[in-house]
Amino acid sequence: MSDMPAGQEASSHGPPHPPAWTDDAAHAQAAPGALVCPFDFSDGLAFDPLLARLMDQGPITRIRLPYGEREAWLVTSFDGVRQVTTDPRLSRAAIVGHDYPRLTPEPIVSAESVNVMDPPHSTRLRRAAARAFTHTSVEQMRPAIERVADRLLDEMSEDGPPADLARHLSARLPGHTICELLDVPAADREVLLDRTQQMLATSPQAKAAAVAAKQHLRDYFHTLVTQRRTAPGDDLISHMAAPGPYGEEPLSDQEVTVLALTLILSGNDTATCQISNLAYTLLTRPGQWAHLLANREDLPRTLDELLRYLPFRKGVGIPRRALEDVEIGRSLIRAGDYVHVSYLAANRDPAVFPHPHQIDPHRPAHPHMTFGWGTHHCLATPLALAELQTAISALLTRFPSLRLAVPAHEIRWDTATIRRFPLHLPVTW
């Protein structure tokens, strides 16, 4: 199937947008061989032409980002990304205390986050959180996820048609699920999820709000952890605070606090974007929607292929720093250099995925990198997959005639954060 969807993406292959930052230093000339990379391309779900250009230049290139120390290497090939994410000489922990190159004015992760730890220090924390996200645990949760999705779609049905799928389903199902796991009181959820949005903003003017949002989340979860120490319940925070099943030392209050903050960011973010992106992609390809209606058994592999294909984020995430000289793709990375990877680019590597810019649910099975790779593979992947499968399956079952209520080119997309998704998705049936 061709990757040229109807509407928005069909006309979105122009040059990348100009840099979004305004400080004079950001406009300085890059060092020889380094390309200034705002990575702010937000035109629907077309693949970022700047990222495509970098891929064409080779598996690793020198780039310059809008915030922090700015200069870094960017690895775009599948094999290169796999090397970076599994090589202990390339360290996440080594970026702590440094103003590392990034896309947001305020670092998204805290210095104590498991996302900036290396094994074996990260292993204990990841093991404590991972108990909630095993395939067995998630399958036990699936009926509850399905009940929540049905309730949300009941409300959407009553509200429309037309109705905003993003507001009724995408923005609520993942957030509700992760808040249920953490047992966040219902009255607090909207504020907490709004704070996570503020932390993902890319504008220089958003820094103060992002700093305040991070502190608010830290203070909130520290209070919650303290309460659960005194009165534990059957929730993820209580379980993370308890000794492990093999007598491991309990996590500290600070460790549980930062884990909870990390989970509400990562456990909500991916699925929220992708429910809307998946629905938009299928609805702008009516043939694929019709095929799934007639062949529901194809849904899992179709979703897997769409997750490989969809560029739901902009640019890069958290870098690593070289502890010693490392060779990647015939380039010598010096000790102290920052190295970013692009999972989006790795998912379009033609050496691994033939005709990568086409959506082909029948392509030979191969793991993709949408949920990361190596020691920082997303802990909540099984939960995210269950939410996505539940959401699209429920839409197929309850709204078989679902279609966009406006022309695709009228849909407005997020331009303020590192994510890519429709702000509103008006649908009818």
Value of relative contact order over segment 240-325, rounded to a whole percent, pairs C-alpha under 8 Å and six or more apart: 19
Pull up the DSSP beta bridges for the chain and report the antiparallel fraction as a percent, rounded to 5. 75
For the chain, max minus min Cα coordinate along each principal axis, in Å, sorted largest first? 57, 57, 42
Dividing the mean separation of Cα pairs under 8 Å (6+ apart) by the residue count of the chain yields a relative contact order in percent of 27
Net charge contributed by nearby residues that have their C-beta within less than 12 Å of Arg228 (K/R +1, D/E -1): -3
Once you list every other residue whose beta carbon is under 14 Å from the beta carbon of Asp298, what net charge do they have if Lys and Arg are +1 and Asp and Glu are -1? 0
Who wins for biggest fluctuation among His216, His368, His176 in a Gaussian network model of the chain, springs between alpha carbons below 10 Å? His216
Estimated dipole of the chain in Debye, rounded to 20 [Cβ of Lys and Arg +1, of Asp and Glu -1, Cα centre]: 440
Mind jotting down the distance between the C-alpha centroids of segment 175-225 and segment 311-354, whole Å? 29
Contact order normalised by residue count of segment 317-429, Cα under 8 Å, 6+ apart, percent: 14
Separation in nanometres of the label points that stand 7 Å from Cα toward Cβ, at Arg412 and Asp298: 3.6
Choice from Glu305, Glu71, Glu155 with maximal GNM fluctuation in the chain (Cα, 10 Å cutoff): Glu155
With the full set of protein chains in place, find how many percent of the accessible area of segment 188-316 is carbon and sulfur; take the probe as 1.4 Å. 56
With R₀ set to 25 angstrom, the calculated FRET efficiency between the beta-carbons of Thr86 and Ala111, to the nearest 0.05, is 0.60
Could you work out which residue, out of Ala52, Ala386, Ala72, moves most in a Gaussian network model of the chain, that is, has the largest mean-square fluctuation with Cα springs under 10 Å? Ala52
Taking segment 321-429, the whole-percent share of alpha-carbon pairs separated by over 16 angstrom is 78
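The values are calculated or read from the model by the stated rules, or taken from the named source; none is laboratory data. For clarity, every value in this text was computed on a predicted model and none was experimentally measured. Using ideal geometry, Cβ is built from the backbone for each residue, glycine included, and neighbour counts are taken over all protein chains shown. These accessible areas exclude ligands, DNA and RNA; they are computed on the full protein's heavy atoms, side chains included. Shrake-Rupley method; radii C 1.70, N 1.55, O 1.52, S 1.80 Å.
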